[in-house]
Amino acid sequence: MLAGIREFFEKRCVLEVETPVLCNAIGTDPNLEFFDCLLKLPGEISGSNLYLQTSPEFSMKRLLAAGSGSIFQICKAFRNGEVGRLHNPEFTILEWYRVNFTLDDLMDDVSDFLNTVLASKLPSKVEVRYSYSNIFLKYCGIDPLLAKISEYIECALRNKLIEAPSICGDNITLWQEFLFSHLVQPNLAFDRCVFVYGFPRNQAALARINPLNPKIVDRFEVFYRGVELANGFHELSDVGEQIRRFDDDLFRRVELDKAVPNKDLRYLSALRSGLPECAGVAIGLDRLLMLVVGAASIEDVLAFPVCRA
């Protein structure tokens, strides 16, 4: 599979790169837990904190800002507390960025990639694409761009998801993620790749705000056989907006009593120097391999899952 991936990008003149797994900063996403460790240089007593990366995205975008052109990377990433049928704390990730690509261009690129890698599993080159708003409205009966908390509660109770109010409270993002995973995702087609694009602005992550509709961001996710495979963005290049999102994330981490890392100043410096117009996507390769070989659990495709590491 790895050989096929590299061949795919070689044919498209996308450069393979390598960035550090151990860095002085980490992403601020309040939904992710990270691993940190202490670096002691010769002669130091106290040392300094470093982090195992949850994704190579910040370092890769520093390369883009330095003029690398389109790039890809296959590497290890680490997320604490994530163990299960589809999760291992240490996993293999494929991430790539295409310069001067729109979100639609990147979705076409991902479609080509999946139809190449999953050629033996897909019945034909078929896929479906839905806007987040339309698919959410279809299966939840509410518009995620306009709905109030009371409408989310009514939807949950109508679908016998009685635990939802205590889990989601008054957090709109949690409500959207909860209802999407329980009511939308199980209804996505299993026999083809499903793209969901145009996420609500409150689920922006590192995607830019859509220039024609400020209520949504240029982000998509890809699902196959009920499994989330890919998360793609038209990348945010506005350093002021990025700082605001970092601040919002850090405030939320304080609210949740989670560890609060520093902002990645080197990444912000790269944005100030100028990130080219580009779109990027990440794919979990262990999950992809599960689908290729028909495995039921991520442990079936790892020589050393965390329980045997």
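Summary of values
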| quantity | calculated |
| --- | --- |
| Those residues of segment 93-120 which are within 18 Å of the chain's Cα centre (by Cα), surrounded by fewer than 20 Cβ atoms within 10 Å (Cβ to Cβ) and of a type in the set (S, T, Y), in sequence order | T102, S111 |
| Unmet criterion (only one of (1) touching a residue at least 60 places away in the same chain (Cβ under 8 Å); (2) in a helix (DSSP H, G or I); (3) under 20 Å from G274 (Cα atoms); (4) touching a strand residue (DSSP E or B) at 6+ places or on another chain (Cβ under 9 Å)) for W96 | (2) |
| Some residue of segment 174-182 being within 30 Å of S111 (Cα to Cα), loosely packed, with under 15 Cβ neighbours inside 10 Å and not assigned by TED's automatic domain parsing to the domain that holds E255 | yes |
| Among (1) within 19 Å of the chain's Cα centre (by Cα); (2) closer than 20 Å to P144 by Cα - the single one I298 does not satisfy | (2) |
| Complete set of residues in segment 183-216 that are modelled with pLDDT of 95 or more and among the charged types (D, E, K, R) | R201, R208, K215 |
| F246 vs. criteria closer than 30 Å to L63 by Cβ, of a type in the set (A, V, I, L, M, F, W, C), touching a helix residue (DSSP H, G or I) at 6+ places or on another chain (Cβ under 7 Å) and modelled with pLDDT of 95 or more | no |
| Test: residue in segment 235-242 that is surrounded by fewer than 17 Cβ atoms within 10 Å (Cβ to Cβ) and under 19 Å from A279 (Cβ atoms) | yes |
| Strands (runs of 3 or more DSSP E) contained entirely in segment 22-85, each with at least 3 residues that are surrounded by 18 or more Cβ atoms within 10 Å (Cβ to Cβ) and touching a helix residue (DSSP H, G or I) at 6+ places or on another chain (Cβ under 9 Å) | 71-78 |
| Selection count, segment 26-74, where residues are of a type in the set (A, V, I, L, M, F, W, C) and over 24 Å from V99 (Cβ atoms) | 11 |
| Of all residues in segment 7-21 being over 15 Å from I93 (Cβ atoms) and part of a helix (DSSP H, G or I), the one that is nearest to the chain's Cα centre (by Cα) | F8 |
| Selection status of G141, surrounded by fewer than 18 Cβ atoms within 10 Å (Cβ to Cβ), at pLDDT below 95 and not assigned by TED's automatic domain parsing to the domain that holds I216 | no |
| Residues (at pLDDT 95 or above and assigned to a helix (DSSP H, G or I)) located in segment 277-297 | L285, D286 |
| Pair list, Cβ under 8 Å, 6 or more apart: segment 291-308 residue in contact (Cβ under 8 Å) with a residue 24 or more places away in the chain, other residue in a helix (DSSP H, G or I) and surrounded by fewer than 17 Cβ atoms within 10 Å (Cβ to Cβ) | E299/C307 |
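The values are calculated or read from the model by the stated rules, or taken from the named source; none is laboratory data. Note that the coordinates shown come from a computational prediction; the quantities given were computed from them, not determined experimentally. Counting neighbours? That spans all protein chains shown, and the Cβs are built from the backbone with ideal geometry, glycine included.
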